[in-house]
Amino acid sequence: MTTYYVSANGSDSAAGTSEGAPWLTPAKAVATSMSGGDVVRFRRGDTFSGVNVTVSDSGTDFAAPIEWADYGQSDAPKPKFYQSSAAANIVTLSGDYVYLLNIEFEGGLSSVRPTASTGFRVDNCKLTHSSDSAILISGAGSGGGIQDSEIISLVGNGIESTTHTGMSIR
């Protein structure tokens, strides 16, 4: 289990394994092989622009997911993933057991798009200004969940699911 750090003042050539040597972009996180129990932490108060990534690695199960979460001062705003293109998703989840925790998503076609992803979570996130659905769930995955998240200022649907089963929304 490894914890990685990403910050607006980081460098993608850094080790990424400490707050003192963080990566710069979410793209570096998806280019790094991850497995169950690994955590990617994004610094609170930072905005990551142009984010359009696909998380294809998988956690092991609900007890050992891959987490994308926050770190830093608790009174700072959540880290923000921003996408100005109305034709690009911000984060696509094709891996299983991937949790997105305490992150703000703004813009994009869809903020979060699980595609045949089993066991995904979107918890305590803020999703705004998507040009389509904030969360567009497609494919034959199962067992996902959305909890304590705020979805506002949308053109399309808040949450749309085509074939996913066993999902929990609280």
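The values are calculated or read from the model by the stated rules, or taken from the named source; none is laboratory data. On a predicted model such as this, the values are computed, not experimentally measured, just so you know. Please note: Cβ atoms are built from the backbone with ideal geometry, for glycine as well, and neighbour counts cover all protein chains shown. Ligands, DNA and RNA are stripped out before the accessible areas are found, and what is left, the full protein with its side chains, is counted by its heavy atoms. Shrake-Rupley method; radii C 1.70, N 1.55, O 1.52, S 1.80 Å.
Some points to look at:
- Apolar share of the accessible surface for the chain: 45 percent from carbon plus sulfur atoms, 1.4 Å probe.
- Highest-MSF residue in the chain out of G20, G144, G45 [GNM, Cα springs under 10 Å]: G20
- Whichever aspartates and glutamates have a C-alpha closer than 19 Å to that of K80, once near sequence neighbours (fewer than 8 apart) are set aside: D12, E19, D46, E67, D70, E104, E106, D123, D132, D148, E150
- The value of relative contact order for the stretch 47-101, using C-alpha pairs under 8 Å at least six residues apart, is 58 percent.
- Using a Gaussian network model of the chain in which every pair of alpha carbons under 10 angstrom is joined by a spring, one finds that among Q73, Q147, Q83 the greatest mean-square fluctuation is at Q73.
- Anisotropy class of the stretch 1-46 from Cα gyration tensor, a/c 1.5 cut: prolate
- Over the residues of the chain, the helix contribution to mean residue ellipticity at 222 nm works out to -500 deg cm²/dmol, using -39500 (n - 2.57) for each DSSP H run of at least 4.
- Here K80 sits with roughly 50 square angstrom of accessible surface, probe radius 1.4 Å.
- Proximity of backbone amide H atoms, modeled 1.01 Å from N, is registered between A88 and L109 at under 5 Å, excluding neighbours fewer than 5 places apart on the same chain.
- Based on Cα contacts under 8 Å between residues 6+ apart, the stretch 1-150 shows a relative contact order of 17 percent.
- When the stretch 17-170 is reduced to its Cα atoms, the Kirkwood hydrodynamic radius in Å: 15.1 Å
- Close amide H contacts of F81 (hydrogens built in the peptide plane, cut-off under 5 Å, sequence separation of 5 or more or a different chain): F48, E104, F105, E106.
- Contact order for the stretch 10-54, expressed relative to its length and based on alpha carbon pairs under 8 Å spaced 6+ residues apart, stands at 30 percent.
- Computed magnitude of the charge dipole of the chain (debye, nearest 20; Cβ of K, R +1, Cβ of D, E -1): 120 debye
- Most to least accessible of R44, R113 (protein chains only, probe 1.4 Å): R113, R44
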